[in-house]
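Participant: Please read through the structure below; I'll follow up with questions.
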Amino acid sequence: MTLATTTIPNYLAGTWSIDPTHSDVSFSVRHMMVSKVKGRFGSFSGAIVTAENPLDSTVTAEIDLSSIDTNNAQRDDHIRSRDFFEVDKYPTMTFTSTSVQADGEDYLVTGDLSLKGITKSVTLKLELNGIGPDAFGGTRAGFSASTEISRKEFGVDIDMPMDGGGVVIGDKISIALEIEAVLDAA
């Protein structure tokens, strides 16, 4: 499987910086047992180091939790509070990869996700969308990734029961990443 992964068109080993202007870090969570609320983070950074063997590549990322945007300022303030993220004490969420595995034409990137002082192993399903030149003489790579986590496992364990059963906020959080990264100049 390692030999097949090196046939990625335009593949380059190097260090890539995540371009936050052309990337998106978003999530969705069940709300009131009937729908899903979506949100995103506006401030994040990270680096991807592609190795000669793509399976030896690594990624690190940091998300500013105060940059949450669910399209409702009152809800965002509540999520920043002690009930949820407690951003005064835990301002960032981080991810550091620990392994990369081939998964058909895609990849599984496993790493340590840290939120509210709790670190757990999480696996992202990753699609490499492409690598190519940009309009400024540089090189860009695009990735899509997704995973699902339990908010309660990361200490975001507020329970808000509803009359008649169920909860206001579900436990499972779906995370979706659309990442564009720029190859650092050598």
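Participant: Determine which single condition Thr15 fails, assuming it passes every other condition in (1) at pLDDT below 95; (2) among the β-branched types (Val, Ile, Thr); (3) surrounded by 13 or more Cβ atoms within 10 Å (Cβ to Cβ).
Facilitator: (1)
Participant: Kindly evaluate Arg82 against the criterion of being basic (Lys, Arg), in a loop (DSSP other than H, G, I, E, B) and at pLDDT below 95. Can you show your working first?
Facilitator: Values: basic (Lys, Arg): yes; in a loop (DSSP other than H, G, I, E, B): yes; at pLDDT below 95: yes.
So Arg82 passes the test.
Participant: Please tell me if Val59 is without any contact (Cβ under 8 Å) to a residue 24 or more places away in the chain, on the phi < 0 side of the Ramachandran plot and either assigned to a helix (DSSP H, G or I) or surrounded by 15 or more Cβ atoms within 10 Å (Cβ to Cβ) (or both).
Facilitator: On the way: without any contact (Cβ under 8 Å) to a residue 24 or more places away in the chain: no; on the phi < 0 side of the Ramachandran plot: yes; either assigned to a helix (DSSP H, G or I) or surrounded by 15 or more Cβ atoms within 10 Å (Cβ to Cβ) (or both): yes.
In short, no.
Participant: Now, a different point. So Met32 fits all but one of (1) modelled with pLDDT of 95 or more; (2) surrounded by fewer than 16 Cβ atoms within 10 Å (Cβ to Cβ); (3) more than 26 Å from Thr110 (Cα to Cα); what number is the exception?
Facilitator: The single condition Met32 does not satisfy is (1).
Participant: Please pick out the residue among Ser144, Ser114, Ser150 that is at pLDDT below 95, within 23 Å of Ala61 (Cβ to Cβ), open to solvent by less than 50 Å² (accessible area, probe 1.4 Å) and touching a strand residue (DSSP E or B) at 6+ places or on another chain (Cβ under 7 Å). First the steps, then the outcome.
Facilitator: On the way: Ser144 fails: at pLDDT below 95; Ser114 fails: at pLDDT below 95.
Answer to the check: Ser150.
Participant: Applying the selection to the range 89-106, what residues are of a type in the set (A, V, I, L, M) and either closer than 11 Å to Val59 by Cα or exposed (fewer than 14 other Cβ atoms within 10 Å of the Cβ) (or both)?
Facilitator: Within the range 89-106, the subset of a type in the set (A, V, I, L, M) is 93, 100, 102.
Of everything in the range 89-106, just one residue is of a type in the set (A, V, I, L, M) and either closer than 11 Å to Val59 by Cα or exposed (fewer than 14 other Cβ atoms within 10 Å of the Cβ) (or both), namely Val100.
Participant: In the range 102-141, which residue that is among the β-branched types (Val, Ile, Thr) and under 21 Å from Leu183 (Cβ atoms) is nearest to the chain's Cα centre (by Cα)?
Facilitator: Ranking the qualifying residues of the range 102-141, first place goes to Val109.
The values are calculated or read from the model by the stated rules, or taken from the named source; none is laboratory data. The shown structure was predicted, so the numbers you read here are calculated from the model rather than taken from an experiment. So basically every Cβ, Gly included, is an ideal-geometry build from the backbone, and we count neighbours across all protein chains shown. Accessible surface is based on the protein model in full, side chains and every heavy atom, while ligands, DNA and RNA are left aside. Shrake-Rupley method; radii C 1.70, N 1.55, O 1.52, S 1.80 Å.
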